[in-house]
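S.K.: My structure is below; once you've seen it, I'll send some questions.
The values are calculated or read from the model by the stated rules, or taken from the named source; none is laboratory data. For clarity, every value in this text was computed on a predicted model and none was experimentally measured. Cβ placement follows ideal geometry from the backbone for every residue including glycine, while neighbour counts extend to all protein chains displayed.
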Ligand code: HEM
């Protein structure tokens, strides 16, 4: 059958093909007038604001304690000298959380012994818990928690003695 240009469908098709060829030969290289920051379809390829950054810092038991999540503040906890930002786990560590006792504290012993009893926490004006009496099993348990925390939260510092800074 011959290509009948008189048929509206064929005319439209031809115009479309010509337009497509023109776009291939002369691609549009227009420059956006303003910096785009969001796709209309909800896919953000450039964040509206910079994601929060965390500075790796040295903490002591006393400087760590204020990060206990009270009044909506950040929540940090330490295990064996490693400080984790667990703010994302506010349900666990916030003032109403099941593990609120660990917020702002050295949680090593509690994690090792799987206990949130008060005596698991070393008072913040005392030297760091040396953890020397822990059994191999308890140390393994503590390391297991460290793996869990490293995979879920951000390491944001180290915990040293009060008089070390
Ligand atoms: C009555 C006993 C306990 C129950 C029913 C319980 C229950 C839970 C549940 C449901 C989760 C959430 C798991 C998830 O969503 O990934 C969790 C996580 C956790 N539990 Fe327990 N738990 C108990 C005892 C303890 C004890 C004694 C400790 C002391 C170390 C502990 C420390 C933790 C920690 C550190 C997490 C991880 C939270 C996180 O991912 O940030 N739990 N527990």
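S.K.: If you go through region 110-154, how many residues are under 19 Å from residue 59 (Cβ atoms) and either within 15 Å of the ligand (Cβ to nearest atom) or in a helix (DSSP H, G or I) (or both)?
M.R.: Summing the residues that are under 19 Å from residue 59 (Cβ atoms) and either within 15 Å of the ligand (Cβ to nearest atom) or in a helix (DSSP H, G or I) (or both) in region 110-154 gives 13.
S.K.: Answer yes or no: is there a residue in region 76-84 that is outside any strand (DSSP E or B) and either touching a residue at least 60 places away in the same chain (Cβ under 8 Å) or within 11 Å of the ligand (Cβ to nearest atom) (or both).
M.R.: Scanning region 76-84, I find at least one residue that is outside any strand (DSSP E or B) and either touching a residue at least 60 places away in the same chain (Cβ under 8 Å) or within 11 Å of the ligand (Cβ to nearest atom) (or both), so the answer is yes.
S.K.: Which pairs have Cβ atoms under 8 Å, sit 6 or more apart or on different chains, and link a residue in region 131-154 that is within 18 Å of residue 93 (Cα to Cα) to one that is in a loop (DSSP other than H, G, I, E, B) and within 11 Å of the ligand (Cβ to nearest atom)?
M.R.: Close Cβ pairs satisfying both conditions: 149/86; 153/86.
S.K.: Considering (1) surrounded by fewer than 18 Cβ atoms within 10 Å (Cβ to Cβ); (2) free of Cβ contacts under 8 Å to residues at least 12 places away in the same chain; (3) assigned to a helix (DSSP H, G or I), say which one residue 62 fails and leave the rest.
M.R.: (2)
S.K.: For residues that are more than 26 Å from residue 87 (Cβ to Cβ) and modelled with pLDDT under 75, tally how many sit in region 27-42.
M.R.: Counting residues in region 27-42 that are more than 26 Å from residue 87 (Cβ to Cβ) and modelled with pLDDT under 75 gives 11.
S.K.: Another question, then. Among (1) modelled with pLDDT of 95 or more; (2) surrounded by fewer than 11 Cβ atoms within 10 Å (Cβ to Cβ), there is one condition residue 118 misses while meeting the rest; what is its number?
M.R.: For residue 118, the failing item is (1).
S.K.: So, one more: Which pairs do you get when a residue that is closer than 18 Å to residue 125 by Cβ, found in region 94-112, comes within reach of a residue that is within 9 Å of the ligand (Cβ to nearest atom) and in a loop (DSSP other than H, G, I, E, B), reach meaning Cβ atoms under 6 angstrom, with the pair 6+ apart or on two chains?
M.R.: Hits for this filter: 101/116.
S.K.: Considering only residues that are more than 20 Å from residue 161 (Cβ to Cβ) and crowded, with 23+ Cβ neighbours inside 10 Å, look in region 91-109 and name the one that is farthest from the ligand (Cβ to nearest atom).
M.R.: Per the criteria, the residue is 103.
S.K.: Residue under question is residue 88, and the condition is that it be within 11 Å of the ligand (Cβ to nearest atom), in contact with a strand residue (DSSP E or B) (Cβ under 9 Å, 6 or more places away or on another chain) and either in a loop (DSSP other than H, G, I, E, B) or within 22 Å of residue 160 (Cα to Cα) (or both); does it hold?
M.R.: Taking the combined requirement at face value, the residue does not satisfy it.
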